[in-house]
Amino acid sequence: MTTSDVFELVNSIVLPAWLVLIFFPTKAWKNPVVYSFAAALAVVYLLYVIRGLGEMDMQAFMTLDGIKAMFSSDEAVLAGWIHYLVFDLLVGCWILNNSQKHNISHFLIIPCLLLCFMLGPVGFLLYWVIKLVKTKHLKE
């Protein structure tokens, strides 16, 4: 499979997990399903990280130029993309679970999830603001 094929595949794999978070927020099977999708993506991520381990220079993490150099191959960019997909999905799941713990309306959470899917930290930030307003505190 080419990196373009894998890119399309991982983007297809993650979408159903986000749909579960949006349309089935109270189902008992929600977390195991979402975590299974995240684990499947993590396996693909691991394969691309292992492929690139021989070329990894730990000093590269210390400079912006080093980071840019590390992400100069399609495989490295794909690994980085999968990294984003997995963590954004896990943050989205946390947002949903935390909102339920604090009895925040799911209709307020849907925009957070959509933003988290597309712009990770922006979705988290919106949730943080909603939680602050709805609960008047920032406890976990």
### Of residues in segment 19-66 being within 18 Å of Leu85 (Cα to Cα) and aromatic (Phe, Trp, Tyr), the one modelled with the lowest pLDDT
Tyr48
### Residue that is β-branched (Val, Ile, Thr) and at pLDDT 95 or above, where the choices are Val77, Val122
Val122
### Message
Can you pull out every residue in segment 14-28 that is in a helix (DSSP H, G or I), touching a helix residue (DSSP H, G or I) at 6+ places or on another chain (Cβ under 6 Å) and not small (Gly, Ala, Ser)?
### Response
Val14, Trp18, Val20, Leu21, Ile22
### Message
So, Trp128, is that one at pLDDT 95 or above and within 23 Å of Ala39 (Cβ to Cβ) or not?
### Response
no
## Note on the structure
Going through segment 1-13 in order, the residues found to be outside any loop (DSSP other than H, G, I, E, B) and either over 14 Å from the mean Cα position of the chain (by Cα) or free of Cβ contacts under 8 Å to residues at least 40 places away in the same chain (or both) are Thr3, Ser4, Asp5, Val6, Phe7, Glu8, Leu9, Ser12, Ile13
### Query
Is it true that Val6 is under 17 Å from Cys116 (Cα atoms), of a type in the set (A, V, I, L, M, F, W, C) and open to solvent by less than 20 Å² (accessible area, probe 1.4 Å)?
no
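The values are calculated or read from the model by the stated rules, or taken from the named source; none is laboratory data. Since we're looking at a predicted model, the values are computed, not measured. When we count neighbours, we look across all protein chains shown, and the Cβ atoms used for this are built from the backbone with ideal geometry, even at glycine. Each accessible area value is taken on the protein alone, full model and side chains, heavy atoms only, with ligands, DNA and RNA left out. Shrake-Rupley method; radii C 1.70, N 1.55, O 1.52, S 1.80 Å.
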